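The values are calculated or read from the model by the stated rules, or taken from the named source; none is laboratory data. All of these numbers come straight from a predicted model, not from anything done at the bench. So basically every Cβ, Gly included, is an ideal-geometry build from the backbone, and we count neighbours across all protein chains shown. Keep in mind that these areas ignore ligands, DNA and RNA; they rest on the heavy atoms of the full protein, side chains included. Shrake-Rupley method; radii C 1.70, N 1.55, O 1.52, S 1.80 Å.
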Amino acid sequence: MDEELRDEKEHRDYYNMLHAVSDAQHGIPQLCPCGSITKETVDEDDTYDYLPGKKYFICKDFVNDGMHFRQPWVKAIQEEVERLKIKFYEQEKLLRQCEALKAQVRLLLNRVAALEKEKEI
């Protein structure tokens, strides 16, 4: 019974790790979940006509067990561009809000200056 529970727990942990690895593959990977760095490689076997092989971001210690990154280059770049677009739009929105606040501060400063002039008279 204990051995069955231990096996079940190992399988559950393995599938949880597979799920975490698959969820982590967004954008350009810097590190693999195993701790190794990722590198950019070209798969020479995957050539089509005159086009060179496909590019991948792949774990330095890649083993095809589902625990290492091997992400297509195009997909990683597309996701990274989308992430940067969202970040850019958020920054642009903040910049517009800052400009509106600057205008409000200028109006308040002008109003304070006008009130101070009235007070002097």
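Residue-by-condition table, conditions (1) in contact (Cβ under 8 Å) with a residue 40 or more places away in the chain; (2) farther than 30 Å from Asp13 by Cβ; (3) in contact with a strand residue (DSSP E or B) (Cβ under 8 Å, 6 or more places away or on another chain):
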position: Pro33; (1), (2), (3): no, no, no
position: Lys39; (1), (2), (3): no, no, yes
position: Lys75; (1), (2), (3): no, no, no
position: Glu82; (1), (2), (3): no, yes, no
position: Gln91; (1), (2), (3): no, yes, no
position: Ala100; (1), (2), (3): no, yes, no
position: Gln104; (1), (2), (3): no, yes, no
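For Arg70, state whether it is among the basic types (Lys, Arg), open to solvent by 90 Å² or more (accessible area, probe 1.4 Å) and within 24 Å of Asn16 (Cβ to Cβ). Spelling it out, Arg70 is indeed among the basic types (Lys, Arg), open to solvent by 90 Å² or more (accessible area, probe 1.4 Å) and within 24 Å of Asn16 (Cβ to Cβ). Name every residue in segment 52-64 that is open to solvent by 60 Å² or more (accessible area, probe 1.4 Å) and part of a loop (DSSP other than H, G, I, E, B), in order of residue number. Result: Pro52, Lys60, Asp61, Phe62, Val63, Asn64.
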